[in-house]
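Engineer: Here it is, the structure, as structure tokens.
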Amino acid sequence: MNSEESSRSRHLHMRHENIPTRKQRPCKASPSEIPIMVGDKMDVDGEENKTHKMDNIDANVFNMATDQSTCSKRPQIGEEKTLPKKQRKDTAMTSFDKSPMMEVESVEINLQSEENEIKLEERETERIGAGQVSERVVSMKLIWDKGNPEFKNNYKAKICALLNSGGGILELKNIKGGAVTSEMFDSWAQGFEQNMEMMITPDNPMEYIDIKWTKKSKSIYVFVRPAKKWITISTNCYRMYNSQSKLMTIDQLKSFLQGKTEETSLDELPPLPTEVFLNEKHSLLPRESKQLQFKELMDKKKKKINQNVSEQIGRNLSAFANLEGGHLVYGVADKTTTVVGVTHENIRKFRQIVNEEIKKMEWGLDPEEETHYKITEIPVVGVSSSVIVVSVAGIRGSGGVYRRCPTSYHIQDGEVQAVDFGTWKCKVLGENQNRLSVDYLTQKMQKLDINNAASKPVYCLEKPVAMFKATLLLEEDSNGKLPIHPAAFYDNLDMGLKLKIKELLQTQNEFKGTCVCVHFLYNELVKESINPGNSLSHRAENRICDILLCLVNRGIFLITVAENVTEDTKIYNRMTAQKLKEVLTTVGGCTEKFTINYSTVSVRDPTIELPVINSFYPSDYHSITVSKFEAISLALTIVLLAVPSTCLSSQVGCCYLNLLTTEQFNIIYNWFNKGGMQHVWVRGPPGTGKTVVALAVARKLHNECYVKSGHFSSKVLYVAENSALVNKLRQTEDFHSATRKTFVKKDNLYPVKHIIMDSVQSYRDMEDKIADEPWYQKARKITKENCGKLWCFIDLIQKTLIENESMKSGIPEEFYEGTFPTHTLTKIIRNSQSIFKFSEQFHGDHYQGIQLEISHDFEGEKVRELSYKDNWHLQNKLRELLLELTRSGYSHGQIAILVSRQKEIKVNGELFNFLERYFPINKLEVHDDNSIVIGSIRCFSDLERPVVIGIDPKADDIYHNAGSLKAILCTRAMAVLIILKQDL
């Protein structure tokens, strides 16, 4: 390397991997020849030391000691040593520094090893790189051609997608099929860092990227850490700077959009001349400015329209529109500003190009000609040509005008895909079409400080410290030993297996950490129903349990214990490890570098040992510091607590993760894993999240049955009284759903094993008598015959308010006697503080023995009680209220109008027909998120809306007093409650 090359060179950090290999080999080098690495850097000697050649060597080889006595010592994870100073371009395990260029060097060292041993090491690296890792691997073929523009750019989309989707590994394969030579690697590496710095700016790429390559390897492996913020390759959004259109960065774009948003109409643009003369200047076209640009349409040499004219138009229209508007003038020389003109034939072609470009641009609105843009022809006197002008108004108030959708990628449905414009704006600019919905939801919650591009915003009702206590992930037992969670499941294991697990943990007691031992870890990680395409079926038939160990300064380990170790159980083990890594990053929001080492053991094995460290990864991925352990534990806590928002009357939950409260988590996670919990009752007042728990239990049972049987036909039935809720679940969930009436009237409705009975306080025993057997007896019989589970959810408060001789719900006497395991929910999560305080006046003795508390500090709006005189007055009052609510930001789908009895809807048909003239109305026959729902208070049970308007709640044969009815009405509203009463 000459001095000129040296001055431009960049030395990559070489990260030496000291991880035990399968076979340790002696080497001739003495200990003095292997200096200790200081930090991450290493001195690199010049060409004169590149004398001894070695055809193949992996960086991991250098964990070996120098003689037989030291070879027996296994180095600690995270311990690093430098390579000897004699080096050459053979091996790289790299991260970036901030030097101007980069050069890869490797080490010359003498090893006594057979050629077949080296080849075995190569094959092992290739085998591990081919898929035996705990995260997604994206592969692509790289064209080794410096003259090909794809040579340096075609991997950018893949890395961008991995950064935005929780990280992973990019495998760059040699398209020619042979090994990646030093020359190939150097050629690729020269532009790689520059591309990464441009894409990840202003962060340092070395925080996110590690590279592994060996001379004999057929691939380069790029390890990608999850990005803390959404990565965009190009905003494709321009702005005028000193009469030039320039591309804005993300930070510039955010700052720009936060500024003033005054718009400039076409009429406010500088005036244009009505005619011009060939080869002359015009006073209204003096020189280029931030509102005036001159371009020549024709390529004089080729005598045709310039190839880049579309790009010119898009760039300048975007830049003009994002400021004060402007004119893009063709037919005037940009240097001399003299008129050259455009022929009429070319004008027709030009108009077509402009219209096509405008259609491809992202405007944030539907652009209209003569309002947002226009094309003007200015005749050139004396010749058959014109100056053509494309004018655009200043309309940055729409959220920016982009030449194209910003260039960004993510992984969706297992493939690298370009991000659409709406998703990009939401991810990068934080825009949400339903801002008020987000406000009312998040004001009563705490937002967790999670910086991960792949994660949705995470909100919880309790403090993060309480969340940690809920999962007990950071607590040690009384003897200072590693804790096992949940203890209930561990206690029910076979004594022999318990002893083996205990012995395993005793060998690791010197490390701080935690142990999670559950029947089916994959099920704990997946919050939605497993889809039919999932290949997990039959993979875990003989599986007994999964053990997850997270140990500080040791690593993360997943062990699947099975009756017999088969290929299927190994696949299940690997898929669970990959799923765990995925959800810890994409759901839990963890951005740390880590990997999960996994293995499968037989229950017949004498001992359970930790999985072998996967030496394919850089050492940073195995080094679990205290801070990294806490970050991973927090992510695991979020994964375990997160559930899909049921918010069946509001779609805000599709964009935000909601976390369970401590007592909800205790039921779903701890009780579910207890032995003997076949028949369970969960009780609680309205608004404590019983339906959230019921649906979570149904999903867990469905997934477990599917994996065991391999058949997609669900063995789980969810039963509720509310037909709208059932219809909604049939559209969104994979388990069966039915109303109580359908359940009792039809025999062999579904071939089910487990039954979830929700809101049983609303069931009607008298109606069931027309069937062969009431709901409880039928459900109990089915679950007993199939050794299934029966979980019943009941609101005792609502039952007390409506129970009478003609409305018996059929709840068995054993429930009142305390025969069945029962858990009580006491934390109100639905209602605002104002609504809950207002409802307390109606509680009376109905809440006796239950100490309620609000899980949040969201005050909400004050409850309004308004009066009306007659139906005509009620019609107009309702119309005014609905207009007021929609103008303030609430959507139609967030509003419910409730009456005392369902028959009142028919009686007041004229009233609701009147409202249908102005608003979309749904009479609760089917669930509709886009319409105002109208129904009775009782039929609206299990559902909720941010805004509830109650019309004249009064006593009847079911509700003996208006106060009881109002108490139920209050539980339906989340943020706004309005009660209309008729003056008597």
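Engineer: Would you check which residues across the range 313-327 are in a loop (DSSP other than H, G, I, E, B) and open to solvent by 10 Å² or more (accessible area, probe 1.4 Å) and list them? It would help to see each step written out before you state the result.
Structural biologist: Looking only at the range 313-327, we keep the residues that are in a loop (DSSP other than H, G, I, E, B), and these are 322-325.
If the condition is that a residue be in a loop (DSSP other than H, G, I, E, B) and open to solvent by 10 Å² or more (accessible area, probe 1.4 Å), then Leu323, Glu324 are the ones that fit.
Engineer: Out of the residues in the range 569-614 that are surrounded by fewer than 24 Cβ atoms within 10 Å (Cβ to Cβ) and among the small types (Gly, Ala, Ser), state the one that is farthest from Leu170 (Cα to Cα).
Structural biologist: Among them, the one singled out is Ser602.
Engineer: Related question: List the number of the failed condition for Ile632; all other conditions in (1) touching a strand residue (DSSP E or B) at 6+ places or on another chain (Cβ under 8 Å); (2) farther than 25 Å from Asn727 by Cβ; (3) modelled with pLDDT under 85 hold.
Structural biologist: Unmet condition: (3).
Engineer: Identify all residues within the range 328-374 that are assigned to a strand (DSSP E or B) and over 21 Å from Lys290 (Cβ atoms); write none if there are none. Even if it seems obvious, please write down each step before you answer.
Structural biologist: First pass over the range 328-374, keeping only residues assigned to a strand (DSSP E or B): 328-330, 332, 339, 342-343, 362, 369, 373-374.
Across the range 328-374, the qualifying residues are Val339, Val342, Thr343, Glu362, Glu369.
Engineer: I want to confirm something. Restricting to the range 368-421 and keeping residues that are surrounded by fewer than 20 Cβ atoms within 10 Å (Cβ to Cβ), among the small types (Gly, Ala, Ser) and over 25 Å from Ile347 (Cα atoms), which single residue is farthest from the chain's Cα centre (by Cα)?
Structural biologist: The selected residue is Gly397.
Engineer: Which of the numbered conditions does Ala179 fail, given that it passes all the others? Conditions: (1) modelled with pLDDT of 85 or more; (2) open to solvent by less than 20 Å² (accessible area, probe 1.4 Å); (3) assigned to a loop (DSSP other than H, G, I, E, B).
Structural biologist: (2)
Yes/no per residue for (1) part of a helix (DSSP H, G or I); (2) open to solvent by 30 Å² or more (accessible area, probe 1.4 Å); (3) at pLDDT below 70:
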| residue | (1), (2), (3) |
| --- | --- |
| Lys799 | yes, no, yes |
| Glu814 | yes, yes, no |
| Asn831 | no, no, no |
| Ser834 | yes, no, no |
| Ile850 | no, no, no |
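Engineer: Moving on. What number of residues in the range 344-361 are open to solvent by 70 Å² or more (accessible area, probe 1.4 Å) and touching a residue at least 12 places away in the same chain (Cβ under 8 Å)? Let's see the steps before the verdict.
Structural biologist: Looking only at the range 344-361, we keep the residues that are open to solvent by 70 Å² or more (accessible area, probe 1.4 Å), and these are 344-345, 348-349, 351-352, 356, 359-360.
Subset that is touching a residue at least 12 places away in the same chain (Cβ under 8 Å): 344, 349, 351, 356, 360.
Total meeting the criteria: 5.
Engineer: Restricting to the range 587-632, give me the number of residues that are out of contact with any Lys or Arg (no Cβ under 9 Å at 6 or more places or on another chain), assigned to a helix (DSSP H, G or I) and in contact (Cβ under 8 Å) with a residue 24 or more places away in the chain.
Structural biologist: Count: 3.
Engineer: Next question. Among (1) within 26 Å of Arg404 (Cβ to Cβ); (2) within 25 Å of the chain's Cα centre (by Cα); (3) not in a loop (DSSP other than H, G, I, E, B), which single condition is Trp230 missing?
Structural biologist: Among (1) within 26 Å of Arg404 (Cβ to Cβ); (2) within 25 Å of the chain's Cα centre (by Cα); (3) not in a loop (DSSP other than H, G, I, E, B), Trp230 violates only (3).
Engineer: Please state which one of Tyr706, Tyr718 is crowded, with 21+ Cβ neighbours inside 10 Å and modelled with pLDDT under 85. Write out each step before concluding.
Structural biologist: Values: Tyr718 fails: modelled with pLDDT under 85.
Of the residues listed, the single one that is crowded, with 21+ Cβ neighbours inside 10 Å and modelled with pLDDT under 85 is Tyr706.
Engineer: Search the range 537-564 for residues being open to solvent by less than 40 Å² (accessible area, probe 1.4 Å) and assigned to a loop (DSSP other than H, G, I, E, B), and hand back the single one that is modelled with the lowest pLDDT.
Structural biologist: Ser537
Engineer: While we're here: Do you know which residues across the range 128-162 are of a type in the set (D, E, K, R), modelled with pLDDT of 70 or more and in a loop (DSSP other than H, G, I, E, B)?
Structural biologist: Residues of the range 128-162 of a type in the set (D, E, K, R): 135-136, 141, 145-146, 150, 152, 156, 158.
Next, from what is left, pick out any that are modelled with pLDDT of 70 or more: 135-136, 141, 156, 158.
Matches in the range 128-162: Glu135, Arg136.
The values are calculated or read from the model by the stated rules, or taken from the named source; none is laboratory data. Since we're looking at a predicted model, the values are computed, not measured. No Cβ is skipped: glycine too gets one built from the backbone with ideal geometry, and neighbour counts run over all protein chains shown. When the accessible area is computed, the model is the full protein with side chains, heavy atoms only, and any ligands, DNA or RNA have been set aside. Shrake-Rupley method; radii C 1.70, N 1.55, O 1.52, S 1.80 Å.
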